[in-house]
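Below is one structure; the comments refer to it alone.
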Amino acid sequence: MLDPFGEEAKRIVREFGGIEALLERIPRYVGIDIVLERVKQWEGEIPERILNMTPHEDVMSFYALLGALAFSPYGAEMELVKRTNARIYRERIKRSGEITGISIPLKKIEKGEIPDRDRIILEKPRHEEITEEEREKLKLKYKMSLPSFLRLWEGSLKSVYIRKGNAYLREEQALELWEKAFERNLERSVNLLYELRDELPPYYSELHEKLGEIARKYFKERIGGFSGEAQPLRFELFPPCIKNALAGVPAGLRNYAITVLLTSFLSYARICPNPPRKDVRIKDCISDLSVIEKEILPIIIEAGNRCKPPLFEDQPHEIKNIWYHLGFGLTDKPRLEDSGNSTWYFPPNCDKIRANAPQLCKPDSHCRPIKNPLTYYLRRLYIESRKAGGGGDNE
Amino acid sequence: MSELFREATPEERRLYYSKEWKPENIPEFIVDTLEHREFGFDHTGEGPSDRKNVFTDLRDLEDYIRATSPYAVYSSVALYTEPQEMEGWFGAELVFDIDAKDLPLRRCQDLHESGRVCPICLEDAKELALDTLVVLREDFGFEDIHVVYSGRGFHIRVLDDWVWELESKAREKILAYVSSAEEITPGDLQSNRIMLSSGYFRVFRLRFGYFIRRVTENHLKNFGLSEKQISDVLSSVQRIYRDFVAEAKSPLVAFPSSLRRPPSRSVKRSGLMILLNASTTFSKAYFDGKVTIDVKRILRLPSSLHSKAGFIATYIGTKEEKLRKFNPFEDAVPDFRREEVKGAYEEWLEEHGDRL
Ligand code: SF4
Ligand SMILES: [Zn+2]
């Protein structure tokens, strides 16, 4: 199979009754060790065993990884899965020399489509000093219509041959595009599964933990810090809805924007961006309350003061409600031991925000793949860390 | 003496909107999407401060325009589900704006100060618009392109299905391509890519063709070419144009040989690289890039009066032929200025017509 998001893979997922049903079944068929083999080939030869998997085995072991990523989208684990698995499919595509059935609309070039003179310039058939192998690399093999091409291509339009609504591509350029599409599809699936993570079998959290170990080992050697771990807040990477709430809101919106949205978002973003399970408590993540009292609460109170009229002047008891949403029960003198007295409220999904406070949601381009403001933030942290690490993505 | 361009008085605006203007003159592509567009009005000449208007019915727009005889009317190039809030954006036309008032490489330096326009400026803007149409049609395969005379330049509005959802970043790339804003490298010459019959390098040659026929000794001096190189270039403009631009011959053949060397010892780049990339510094400025990239912009409504210039923003059509034949001094003149413009244009032709 050439592409886990291509036609054949989609058919197999459908056979199982959709992605949720597939994830239910996987633990019975594929051992965690086999799945982990897919992420151990950072460089060097990819074992034939992996390259020759049957389509079913391939789909199951790959989707197992996606299930695990639902526990920490945009973390080092995702980067690990992306890179190692892109290598696997790239190699398969290269070997097969075929491109049909993959997730991007590439077409083979017809004879005579490119004028001879242009072909000679671009492919250099007359340059005898060029080796056969290099000549092969220069060959324009595929084309893609510009609408699809522009959606994926990150470089300039000077570096491709454009003619009559198509971009003409060398094999390497085509693979680059495929990889871009692969990354996006992977990201989309993980965001989808993020919603379901609480219902996934324990197999996946176990797998996730193992992925984390491998990823940390890889990235310590290569890139340094990664998103997905607790770190100081970066306001410039907050989603529009959170920025709007921070700016203060009118009376009718105050309790929702400040007590519900800001409190949940800021606390998870700062303390526990990737909760290991649903019923996580603040005391599982920090050992004293100073982060909350010194970093999080002041931001919430300031935002409350920016509201018209100021929230905490009108409703001083609302502070208790904030502690309540942080999981400390209704109190204004919380102690760390109290966390767990109520539920630590998780940031609402985008559709909830849009339903409750449509004024806050002013989506920008980063909002497209995500479904929760917290994943928005994680995504941007992830992109930043890739930039810093010299990764390929410059969104 | 009558003037070609002059500001319309409030009385003339009223006259135009009550007697001459008809809503039927608004192009179909705007009427068909009327309720999704945001309208902006400038009532005083100080800018469109009356924004976020929506008209679900053409008659409402007609009433509003007739009642206020605005200084200028604009509509969004974007479509919204809630145009009154500029929210629920679901797409925007792809627009290129060539403003004759801001063009570099003016041939009419001696005729008027910058910031104004004359028939030569407009002719040049038209040439740029024609080249642009060729690129959009042949390279991008666009088929739904509409050209509008803006009152002082041209708007090219692309409505093909797939442009609507393009993000700013993609629009920026298309603009960089269409305006040949990226520099040529020595590798592009050595590999002969510069001679390709399609793609970026063809666009580059088109824009270079515009440049080389307008560049002056002063420009070339400023770019640092040597005396000899300058005089060689200026004396072989026709040859360069024919060989390099029209026939895509090798630069080695098309350009004077003195350009192969740097202009002086202290310079690394060859004269040829300097000359080629000089074109790029100008071509970037042929378009108002903000108009292309900003997907929430408003654009002058075709059929409305450009009160500052005293001309009608006129829908020209979809074909190159229409644009080629279009003459603003006949086809975009409001009735109240008909005689005046006719006289002024004849006078202008008599004096400078040979330079058109
Ligand atoms: S889409 Fe989601 S993250 Fe983006 S602004 Fe709306 S609610 Fe916030
Ligand atoms: Zn002029």
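The values are calculated or read from the model by the stated rules, or taken from the named source; none is laboratory data. All values reported here derive from a predicted model rather than from experimental measurement. Using ideal geometry, Cβ is built from the backbone for each residue, glycine included, and neighbour counts are taken over all protein chains shown. Side chains are part of the model used for accessible areas, which takes the heavy atoms of the whole protein and leaves out ligands, DNA and RNA. Shrake-Rupley method; radii C 1.70, N 1.55, O 1.52, S 1.80 Å.
Descriptive notes on the structure:
- Size of segment A:54-185 as Cα extents on the principal axes (Å, biggest first): 54, 30, 25
- The angle between the Cα long axis of helix B:338-352 and the main principal axis of chain B comes to about 10°, on a 0 to 90 degree scale.
- Kirkwood Rh, angstrom, the protein assembly as shown [1 / mean 1/r, Cα pairs]: 30.2 Å
- Based on C-alpha pairs under 8 angstrom that are at least 6 apart in sequence, chain B has a relative contact order of 25 percent.
- Per residue, in Å², the accessible surface of the protein assembly as shown once ligands and nucleic acids are set aside, probe 1.4 Å: 44 Å²
- Calculated SAXS-style log₁₀ I(q)/I(0) at q = 0.13, 0.17, 0.22 Å⁻¹ - segment B:210-338, Debye, Cα scatterers: -0.76, -0.93, -1.23
- Each Lys or Arg adds one and each Asp or Glu takes one away; over the other residues whose Cβ falls under 10 Å from the Cβ of A:A68, this sums to -1.
- Protein accessible area in segment A:107-176, 1.4 Å probe - carbon and sulfur %: 48 percent
- Rg followed by Dmax, in Å, when segment A:230-388 is reduced to its Cα trace: 15.0, 45
- Pairwise Cα distances in segment A:1-90 exceed 21 Å in 26 percent of cases.
- Normalising the Debye intensity of segment A:270-353 to I(0), with uniform scatterers on Cα atoms only, and taking log10 at q = 0.13, 0.14 Å⁻¹ returns -0.44, -0.52.
- Approximate spin-label separation A:E133-A:E8, in nm, with each point projected 7 Å along Cα-to-Cβ: 2.7 nm
- Degrees, to the nearest 10: A:76-96 long Cα axis against longest axis of chain A: 20 degrees
- Cα gyration tensor of chain B - equivalent ellipsoid semi-axes, whole Å, descending: 40, 25, 16
- Kirkwood radius for segment A:194-311, taken over all pairs of different Cα atoms as the inverse mean of 1/r, rounds to 16.3 Å.
- Viscosity 0.692 mPa s, 37 °C: Kirkwood-radius Stokes-Einstein D of segment A:162-206 over Cα pairs, µm²/s: 247 µm²/s
- Karplus 3J(HN,Hα) series, Hz, for segment A:145-156 with 6.51 cos²θ - 1.76 cosθ + 1.60 (x for Gly, Pro): 5, 4, x, 5, 4, 5, 5, 10, 6, 9, x, 8
- Integer Hz, Karplus 6.51/-1.76/1.60 couplings in order for segment B:69-78, x for Gly and Pro: 6, x, 5, 7, 10, 10, 9, 5, 8, 9
- Taking each residue as 0.36 nm, the span from B:H352 to B:E82 lengthens on full extension beyond its C-alpha to C-alpha distance by 92.2 nm.
- Residue among A:M53, A:M78, A:M144 with the largest mean-square fluctuation in a Gaussian network model of chain A, springs linking Cα atoms under 10 Å: A:M53
- Segment A:107-176, relative contact order in percent, only Cα pairs under 8 angstrom and at least six apart counted: 33 percent
- Area hidden from solvent between B and A (accessible, protein heavy atoms only, 1.4 Å, total, Å²): 2100 Å²
- Just the protein heavy atoms count here, and of the accessible area of chain B at 1.4 Å, carbon and sulfur take up 47 percent.
- Stretching B:H112 away from B:E143 to a fully extended chain increases their span by 7.4 nm, per 0.36 nm per residue minus the current alpha-carbon distance.
- Full extension of the chain segment joining A:R25 with A:R117 gains 27.5 nm, where the gain is 0.36 nm per residue of separation less the Cα-Cα distance.
- Karplus 3J(HN,Hα) series, Hz, for segment A:294-307 with 6.51 cos²θ - 1.76 cosθ + 1.60 (x for Gly, Pro): 8, 10, 8, 4, x, 5, 5, 5, 4, 4, x, 6, 7, 6
- Rounded tilt (10° steps) of A:373-388 against the dominant C-alpha axis of chain A: 50 degrees
- Calculated FRET efficiency for the pair B:E339/B:H43, C-beta based, R₀ 35 Å, to 0.05: 0.80
- Accessible carbon and sulfur surface of segment A:230-388 relative to its total accessible area, %, 1.4 Å: 52 percent
- Candidates A:E24, A:E172, A:E45, ranked by Gaussian network fluctuation over chain A, Cα under 10 Å, top entry: A:E45
- Straight-line reach from A:K283: taking Cα to Cα under 25 Å and skipping same-chain neighbours fewer than 8 places apart, the lysines in range are A:K210, A:K294, A:K320, A:K333.
- Share of alpha-carbon pairs per 10 Å distance bin for chain A, given as whole %: 4, 20, 26, 22, 15, 8, 3, 1, 0
- Its DSSP H runs of at least 4 residues, each contributing -39,500 (n - 2.57), put the calculated 222 nm mean residue ellipticity of chain A at -15000 deg cm²/dmol, to the nearest 500.
- Spin-label pair B:K325/A:H56, simplified geometry with 7 Å Cα→Cβ offset, distance in nm: 6.9 nm
- Distance between segment A:256-332 and segment B:272-293 - C-alpha centres, whole angstrom: 52 Å
- Taking the chain by itself as reference, segment B:190-205 contains these residues with an accessible-area loss of 30 Å² or more in the full protein complex (1.4 Å probe, heavy atoms): B:S191, B:M195, B:L196, B:S197, B:S198, B:Y200.
- Spread of Cα-to-Cα distances over 10 Å intervals beginning at zero, given as percent, for segment A:107-176: 19, 53, 25, 3
- Taking amide H positions as modeled 1.01 Å from N, with prolines and chain starts lacking one, the residues under 5 Å from B:K249 and 5 or more places away or on another chain are B:F244.
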